[in-house]
Amino acid sequence: MQQNRNKMKGGSQSAPQGAGSQLIAIGLVLIAAALAIFGFLFFTGKGDNSSSNTDNTSQPHSSLHEQSSAPVSDTSQTEKQTQAAPVTEKTTTAQKQPPAAKNELSVHFIDCGQGDATLFISNGEAMLIDSGERDDSDNVIKYIKAQGITKLKYIIVTHPHTDHMGEMPDVLKAFKTENFIMPKVPDSMVPTIMRYEKMLRQVKAQGLDITWSKDTTFTLGGASVSLFTPKKQQEDLNNWSTLVKVSCGKSSFLITGDCERDEENDIMSQKFDITADVLKVAHHGSYKASSYEFLEAVKPKYAVISCGENNDYGHPHEAALKRLRKKVPNIFITKDNGTVVFRCSADKLEVSKQRG
């Protein structure tokens, strides 16, 4: 029995030893398999990570490409802007020293009935030569305001007759004025009428001193203004008129007040450059003015006569019109055409009229 038990023990001991070996072998196989699987997964995962890294690396490159393409587009726009820049610079330069603006001038021969009133505007600066007769409707003042003018740099009275300065007291009230110019006439010819006195009082009320006319030149915006005065003592107040020449670009205008033949000869004898494209005909088209010699000296392409419809003087006189028609290609008369406006820029001159 004991032997059998021993055999049985021995058998039982040997069996577990074989089974353990088998288990160890299986375990090793499983470990090897696990290692193999782990290795496979490891290398596969590394490859995936490498691919992922490659993708991630390529993605930033793609992003960089897109970002770098944006500057290329911006550079293209910048190049376009750079090409356009000179235009802007020219515009800026033009604003500082505008060649075109320097040659811009508008001249308004205002229809004020039997009188004279001429408005010049250049680069925002305005000058009024004469104001016409006193007008309760303030037509001249309304016209100037309609042009956007709030201040007059210069007022010039060619001579102190009321059809040239009658509205001036009211003009001085309506507009701040920087300079007031008129001829100094002999004491015997100084008007004693109320409108003249009112004008002088209003000049003083503005704090202005009267600048007596003399041969001189000054600027109005981009235009040049020259004054011509008689040298000889004249017997008629009309012949004390200050002549005004305004030049801008290639265009020029000559305003003559009521200058008649005696003063025309005086002015021509002084060798002033009185050539002009546009002539404001003296003395409303009177036969006493606009001699052939004077018209030949001026050489105008246009003439403007300012006079009222059915006026008591019969202006313009046929004798003056006959001379003008022979010497001047284009003639405008305010009683027929209304206000006549010239606009000049560089070498271009345009004219418009209200009617007719």
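Within region 339-349, can you find the residues that are over 18 Å from the mean Cα position of the chain (by Cα) and either of a type in the set (A, V, I, L, M, F, W, C) or surrounded by fewer than 19 Cβ atoms within 10 Å (Cβ to Cβ) (or both)?
Of the residues in region 339-349, the ones over 18 Å from the mean Cα position of the chain (by Cα) are 339-341.
Val340, Val341 - these are the residues of region 339-349 that are over 18 Å from the mean Cα position of the chain (by Cα) and either of a type in the set (A, V, I, L, M, F, W, C) or surrounded by fewer than 19 Cβ atoms within 10 Å (Cβ to Cβ) (or both).
Answer yes or no as to whether Gln147 is polar (S, T, N, Q), in the same structural domain as Leu227 (by TED's automatic domain parsing), more than 19 Å from Met182 (Cα to Cα) and more than 27 Å from the chain's Cα centre (by Cα). Steps first, answer last, please.
Values: polar (S, T, N, Q): yes; in the same structural domain as Leu227 (by TED's automatic domain parsing): yes; more than 19 Å from Met182 (Cα to Cα): yes; more than 27 Å from the chain's Cα centre (by Cα): no.
So Gln147 fails the test.
Conditions tested, residue by residue: (1) of a type in the set (A, V, I, L, M, F, W, C); (2) more than 28 Å from Trp212 (Cα to Cα); (3) without any contact (Cβ under 8 Å) to a residue 60 or more places away in the chain.
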| residue | (1), (2), (3) |
| --- | --- |
| Leu237 | yes, no, no |
| Lys245 | no, no, yes |
| Phe272 | yes, no, yes |
| Asp277 | no, no, no |
| Ser286 | no, no, yes |
| Leu295 | yes, no, yes |
| Val298 | yes, no, yes |
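Is one or more of the residues making up region 281-302 farther than 17 Å from Thr158 by Cβ and part of a strand (DSSP E or B)? Please lay out each step first, then the result.
First pass over region 281-302, keeping only residues farther than 17 Å from Thr158 by Cβ: 287, 291-293, 295-297, 299-302.
Now narrow it down to the ones that are part of a strand (DSSP E or B): 302.
Taking every residue of region 281-302 in turn, at least one turns out to be farther than 17 Å from Thr158 by Cβ and part of a strand (DSSP E or B).
Checking the conditions here, which among Tyr292, Tyr313 is farther than 22 Å from Ser131 by Cβ, modelled with pLDDT of 95 or more and of a type in the set (Ser, Thr, Tyr)? Give the steps one after another, and end with the answer.
Working: Tyr313 fails: farther than 22 Å from Ser131 by Cβ.
Testing whether each residue is farther than 22 Å from Ser131 by Cβ, modelled with pLDDT of 95 or more and of a type in the set (Ser, Thr, Tyr) leaves just Tyr292.
Just for region 258-290: of the residues that are closer than 25 Å to Gly113 by Cα and basic (Lys, Arg), which one is surrounded by the fewest Cβ atoms within 10 Å (Cβ to Cβ)? Spell out how you get there, then give the answer.
Residues of region 258-290 that are closer than 25 Å to Gly113 by Cα, as a first pass: 258-261, 263-264, 276-290.
Filter again for basic (Lys, Arg), leaving 261, 280, 288.
Details: Arg261: 17, Lys280: 27, Lys288: 19.
Applying the filter and picking the extreme gives Arg261.
Output the strands (runs of 3 or more DSSP E) that fall wholly within region 165-271 and possess 3 or more residues being among the hydrophobic types (A, V, I, L, M, F, W, C) and either at pLDDT 95 or above or not assigned by TED's automatic domain parsing to the domain that holds Gly285 (or both), or say none.
On the way: elements: 176-182, 210-212, 216-220, 223-228, 243-248, 251-255.
By residue number, 176-182, 223-228, 243-248, 251-255.
The values are calculated or read from the model by the stated rules, or taken from the named source; none is laboratory data. The shown structure was predicted, so the numbers you read here are calculated from the model rather than taken from an experiment. All Cβ positions, glycine included, derive from the backbone under ideal geometry; neighbour counts span all protein chains shown.
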